[in-house]
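Reviewing the structure listed below.
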Amino acid sequence: MSKVLLLFAHPVFQTSVLNKALLDGVVAMENVTVHDLYECYPNFMIDVRYEQQLLDAHDVVIFQHPFYWYSCPSILKEWIDLVWEHGYAYGTNGHALRGKRFMSSITAGGDSKNYAGELNIRGLLKPFEYSAKLCEMDFLPPFITYGGNKIKAGNHDPNLPEGYLNKQVKTFKQLLDDLINDRIDVRGSENYPTMNHKLEADND
């Protein structure tokens, strides 16, 4: 049985549709800690020791955030810079994160067709992948929820199936349950571009 730390970063959560739906689906799950960075640190004064204690107490780390300018909201980058410090997360005697599983869960305003070719999200998230691997974490491909702009506006997106967001919420909850119960094969997942692709392949 594993414990999941879901690090959530959204500077305008009150306007969110995708992230709110995803979090509502998992916030009450046992063995899941939802940690809202903007709520905890409105002045960006991150308590590094507390954050490291949180990491120590969990087996799975998930970055949950909207995909801003092909990256993450600023507080999450600040969190990485300060919390994953030398001597703790990497470097000499820095092995605290070794063997923990890492995954990004990203919400994108655009459609999946906007993230094809050289703009594929797995490629754009390489800095997170390389950072996790430097910290000796077991990297899992990202879980992606697309179409935020059209869903928020109530417009039909022909690239998304009917009931897409509800399906994403259920799939994300099942993914977390699989991570808690150690049903995810890390080595069998790493060659998929996203966890969405891996889960679809498992269900075929």
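The values are calculated or read from the model by the stated rules, or taken from the named source; none is laboratory data. Keep in mind that what you see is a predicted model, and the values were worked out from it rather than measured. Backbone-built Cβ (ideal geometry, glycine too); neighbour counts: all protein chains shown.
Quick look at the values:
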{"read-out": "Matching residues, segment 111-126, being on the phi < 0 side of the Ramachandran plot and loosely packed, with under 15 Cβ neighbours inside 10 Å", "value": "Lys113, Asn114, Ala116, Glu118, Leu119, Asn120, Gly123, Lys126"}
{"read-out": "Strands (runs of 3 or more DSSP E) fully within segment 1-90 counting 3 or more residues that are under 24 Å from Ile180 (Cβ atoms), at pLDDT 95 or above and aliphatic (A, V, I, L, M)", "value": "4-8, 60-66"}
{"read-out": "Of all residues making up segment 126-163, the number that are at pLDDT below 95 and part of a loop (DSSP other than H, G, I, E, B)", "value": "12"}
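For every residue, the table says whether it meets (1) closer than 20 Å to Pro127 by Cα; (2) in contact with a strand residue (DSSP E or B) (Cβ under 7 Å, 6 or more places away or on another chain).
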site: Phe8; (1), (2): yes, yes
site: Ala57; (1), (2): no, no
site: Pro73; (1), (2): yes, yes
site: Val83; (1), (2): yes, no
